[in-house]
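Okay, structure first, notes after.
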Amino acid sequence: LVIIIIVVLIVVLAGAGVVGFLLMKKGKNKDEAAQEVTAPAATMVDLSKPPTFVALDPFVVNLALGEGDRFLQIMMSLRVSDAKLGDSLKGFMPQIRHRINLLLSSKLPSELATTEGREALADEITDGVNEVLGAPTGKDNRATAPVQAVLFSSFIIQ
């Protein structure tokens with residue numbers, strides 16, 4: 001009887017210890033979450049001025065020959081600073097498409113296989129299009145540049 005009481009007492013104390021540990025851990029997570037909520041966001045989206053996107057016609061290019069005969073089919077949109085600029089891009093479209101075609105066809109399939117490679121490609125396209133438009137390039141100038149980002153809606157390597 002004494003052994004049963006001791007075993008039950010040990011199980012109850014162990015259970016209480018686990019519950020106490022979990023409650024302390026949960027409280028710590030709440031404090032961290034509260035700090036994250038109070039910290040201001042680095043970039044805030046202005047909901048009164050929604051972004052403007054310009055969809056480009058699909059691109060199909062042969063990739064660089066270093067890793068065999070492969071091609072890339074890609075659909076993308078450009079995030080531009082305002083709707084007026086989106087309409088004005090039509091006049092530059094042959095030059096923009098030429099720049100993007102040259103850039104895409106210079107890539108190896110292995111360069112585009114990772115998320116980092118695709119993000120780097122999006123940055124290169126953004127800089128290339130801004131260069132065509134005569135705007136400053138680089139990540140530091142994206143907020144004021146005419147083309148702020150490139151977004152892929154389809155990305156197929158075959």
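The values are calculated or read from the model by the stated rules, or taken from the named source; none is laboratory data. Remember, it's a predicted structure, so these values are computed and weren't measured experimentally. For neighbour counting, all protein chains shown are included, and Cβ atoms are generated from backbone atoms with ideal geometry for every residue, glycine included. With ligands, DNA and RNA removed, areas are computed over all heavy atoms of the protein, side chains included. Shrake-Rupley method; radii C 1.70, N 1.55, O 1.52, S 1.80 Å.
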So which pairs qualify, if the first residue must be in region 88-112 and within 15 Å of Val150 (Cβ to Cβ), the second must be open to solvent by 50 Å² or more (accessible area, probe 1.4 Å) and in a helix (DSSP H, G or I), the Cβ gap must be under 8 Å, and the two must be at least 6 apart or on different chains?
Arg99/Glu131; Leu103/Glu124; Leu112/Arg118
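Would it be correct to say that Pro50 is open to solvent by 60 Å² or more (accessible area, probe 1.4 Å), at pLDDT 90 or above and not basic (Lys, Arg)?
No, not satisfied.
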Within region 60-89, the residues that are under 11 Å from Ile157 (Cβ atoms), part of a strand (DSSP E or B) and open to solvent by 60 Å² or more (accessible area, probe 1.4 Å) are Phe71, Gln73
Please give the number of the condition Gly66 fails out of (1) at pLDDT 85 or above; (2) over 18 Å from the mean Cα position of the chain (by Cα).
(1)
Which of the residues belonging to region 90-143 are part of a helix (DSSP H, G or I) and either modelled with pLDDT under 85 or of a type in the set (Asp, Glu) (or both)?
Glu111, Glu116, Glu119, Asp123, Glu124, Asp127, Glu131, Lys139, Asp140, Asn141
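A quick yes/no check of all residues on (1) touching a strand residue (DSSP E or B) at 6+ places or on another chain (Cβ under 8 Å); (2) β-branched (Val, Ile, Thr):
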{"residue": "Ser77", "(1), (2)": "yes, no"}
{"residue": "Ile96", "(1), (2)": "no, yes"}
{"residue": "Val132", "(1), (2)": "no, yes"}
{"residue": "Pro146", "(1), (2)": "yes, no"}
{"residue": "Val150", "(1), (2)": "yes, yes"}
Positions within region 93-151 being open to solvent by 40 Å² or more (accessible area, probe 1.4 Å) and of a type in the set (Val, Ile, Thr), in sequence order
Thr114, Thr115, Thr137, Thr144
